[in-house]
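Taking it in order: structure first as structure tokens, then the write-up.
The values are calculated or read from the model by the stated rules, or taken from the named source; none is laboratory data. Treat the numbers as computed from the prediction; the structure is a model and nothing was measured. With ideal geometry, Cβ positions are generated from the backbone for all residues, glycine too; neighbour counts draw on all protein chains shown. Only protein heavy atoms, including side chains, enter the accessible area calculation; ligands, DNA and RNA are left aside. Shrake-Rupley method; radii C 1.70, N 1.55, O 1.52, S 1.80 Å.
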Amino acid sequence: MTTTTTAGTTALTNIASLVTNDPSLGDGTPIGLIQDAAVVIDGDRVVWVGESSKAPATDNAVDAGGRAVIPGFVDSHSHLVFAGDRTQEFNARMSGRAYSAGGIRTTVAATRAATDTELSANVARYLAEALRQGTTTQETKSGYGLTVEDEARALRIARAHTDEVTYLGAHIVPPDHAGDPAAYVALVTGEMLDACAPYARWIDVFCEKGAFDGDQARAILTAGAAKGLHPRVHANQLSYGPGVQLAVELDAASADHCTHLTDADVDALAHSATVATLLPGAEFSTRAVWPDARRLLDAGATVALSTDCNPGSSFTSSMPFCVALAVRDMGMTPDEAVWSATAGGAAALRRQDIGRLTPGARADLALLDAPSHVHLAYRPGVPLVTAVWRAGERVH
């Protein structure tokens, strides 16, 4: 690959196949695939896409060398503000041994004990790790502090690294409120919300047995909405429950996990703007049942893929890995999985400027060391992302 790097417009040419996610382009499919393509960037935006032979003159050129280009991955669900390690828990689970180290509570204790510098360094590390694998937009949450001070601190640190920040004070009821969950809900919707809202765009709740029930979740999400935070929901991960229906009722941007769904849940998602965000890394890491992506897609629901990167149940930052899992074990085609990991993630963040490569979109793209995006599933585990541009700047 040859590159010329000076200011002005830049054309990426000799692209074997370009995923645009615009069905009006190329082959007319949802991924808008253009063969023998070019992309022209001006500043932080895409200004032209099409066949390489028709590319306009530009100041600079990058020869893609017959490789594929896709939009940068949009990872719309992660938990990166944490400290500590849960290797022993994972090892025990994978070895069939009982283990009761405390799960999320273990991470909460370690996160509370960490310094701001340590937490910020961890976030930067995992974001850089994801960027090398093609992720150009990353949502991340609080949820491992669970005190007013520690939740606000987590969001303040996250906000320094990404604009897509979610307040998840309602992750679990912490041990110091175990005897009075109502008091914790009052804290999450009151003083904690007041302290956290300035740093967040979103509010989330773990609506699940052992966490927060439907009524508690509704109270938390509506309180957040009154402060200008848009809802997202951890829904129906471990069991059937009210999470998906609540997400649709409140026009949540996404219902995340969606592992245990009734026909009514699927129908509700299919007839709403709420995206079903599937997190196959969690099922991989816990040996749980896979979400049925095929059922959702066939019903007409919008599906996103995300990593759920967290230290307990899905310690991966790799969107390519999640694409491969979705194709192998969740009934998705390679085209659907790549769309869901890019445009689907953008929909889950209610963003129009990312997740696609069309004129006006932010110039976020990944160059693959392969002739087709299908290789992301065809060659699982191989580091295929060879270059990344974010907002028009080559960052890897």
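Structure summary
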read-out	value
Answer residue from region 88-114, given it is closer than 21 Å to HIS171 by Cα and of a type in the set (S, T, N, Q) and is most open to solvent (accessible area, probe 1.4 Å) among those	SER100
Long-range neighbours under 6 Å by Cβ, at least six apart or interchain, first residue closer than 18 Å to ASP308 by Cα within region 144-168, second among the aliphatic types (A, V, I, L, M) and open to solvent by 30 Å² or more (accessible area, probe 1.4 Å)	HIS161/LEU127
Unmet criterion (only one of (1) open to solvent by 10 Å² or more (accessible area, probe 1.4 Å); (2) free of Cβ contacts under 8 Å to residues at least 60 places away in the same chain; (3) of a type outside the set (D, E, K, R)) for LEU221	(1)
Residues satisfying the stated conditions in region 135-151, i.e. surrounded by fewer than 24 Cβ atoms within 10 Å (Cβ to Cβ) and farther than 17 Å from GLY84 by Cβ	VAL148, GLU149
Pairs with Cβ under 7 Å, 6+ apart, first in region 372-394 and closer than 27 Å to ASP353 by Cβ, second of a type in the set (S, T, N, Q) and crowded, with 20+ Cβ neighbours inside 10 Å	SER372/SER17; HIS373/SER17; VAL385/GLN133; VAL388/THR136; ARG390/THR136
Checking GLY210 against (1) farther than 22 Å from GLN245 by Cα; (2) out of contact with any helix residue (DSSP H, G or I) (no Cβ under 8 Å at 6 or more places or on another chain), the condition it does not meet	(1)
Residue that is modelled with pLDDT of 95 or more and closer than 20 Å to GLY145 by Cα, where the choices are ASP116, ASP85, ASP44	ASP116
Which numbered condition GLN138 misses (of (1) closer than 22 Å to ILE172 by Cβ; (2) in contact (Cβ under 8 Å) with a residue 60 or more places away in the chain)	(1)
Looking only at region 224-241, and only at residues there that are within 19 Å of TYR199 (Cα to Cα) and small (Gly, Ala, Ser), the one that is least open to solvent (accessible area, probe 1.4 Å)	GLY224
Matching residues, region 258-289, being hydrophobic (A, V, I, L, M, F, W, C) and under 20 Å from GLY96 (Cβ atoms)	ALA282, PHE284, ALA288, VAL289
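Let's see how each residue does on (1) modelled with pLDDT of 95 or more; (2) surrounded by 22 or more Cβ atoms within 10 Å (Cβ to Cβ); (3) over 30 Å from HIS230 (Cα atoms); (4) touching a Phe, Trp or Tyr at 6+ places or on another chain (Cβ under 7 Å):
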position: THR13; (1), (2), (3), (4): yes, no, yes, no
position: PRO30; (1), (2), (3), (4): yes, no, no, yes
position: VAL49; (1), (2), (3), (4): yes, yes, yes, no
position: ASN60; (1), (2), (3), (4): no, no, yes, no
position: ALA64; (1), (2), (3), (4): yes, yes, yes, no
position: VAL69; (1), (2), (3), (4): yes, yes, yes, no
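For (1) modelled with pLDDT of 95 or more; (2) assigned to a loop (DSSP other than H, G, I, E, B); (3) charged (D, E, K, R); (4) on the phi < 0 side of the Ramachandran plot, each residue gets a yes or a no:
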position: LEU168; (1), (2), (3), (4): yes, no, no, yes
position: ASP176; (1), (2), (3), (4): no, no, yes, yes
position: GLY179; (1), (2), (3), (4): no, yes, no, yes
position: ALA183; (1), (2), (3), (4): yes, no, no, yes
position: ASP194; (1), (2), (3), (4): yes, no, yes, yes
position: ILE203; (1), (2), (3), (4): yes, no, no, yes
position: LYS209; (1), (2), (3), (4): no, yes, yes, yes
